[in-house]
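The values are calculated or read from the model by the stated rules, or taken from the named source; none is laboratory data. Computed from a predicted model, the values in this text were never measured in an experiment. Glycine also receives a Cβ, built like all others from the backbone with ideal geometry; neighbour counts cover every protein chain displayed. To get the accessible areas, we keep the full protein, side chains included, count just its heavy atoms, and leave off ligands, DNA and RNA. Shrake-Rupley method; radii C 1.70, N 1.55, O 1.52, S 1.80 Å.
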Amino acid sequence: MATNAAVKKRVTKTAPGLILIKKKESILLKEISFLEKNMANYKSERKASWKSFKSKMETDLNKIKQSIKELTQPVD
């Protein structure tokens, strides 16, 4: 069995980790919003090359969303 000191030590180590994860998640969510806004602006301005731009942006968004998913997965 783990002692109280060991449990407290584990809790204090994970708390800063959770804060870091939340900060990273917040940054990634802001990046998603920024990319989605740029995608909407670009679409209205340049319809000719929209398909290639959309494909690239969707790839970037999927990478960011995957990063968020990895951050929020429980660590064993």
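Identify, please: which residue in region 45-60 is open to solvent by 80 Å² or more (accessible area, probe 1.4 Å) and farther than 25 Å from Leu28 by Cβ and is, among those, modelled with the highest pLDDT?
It comes out as Lys51.
Can you tell me which residue within region 66-76, out of those that are at pLDDT below 90 and part of a helix (DSSP H, G or I), is least open to solvent (accessible area, probe 1.4 Å)?
Among those that are at pLDDT below 90 and part of a helix (DSSP H, G or I), it is Ile68.
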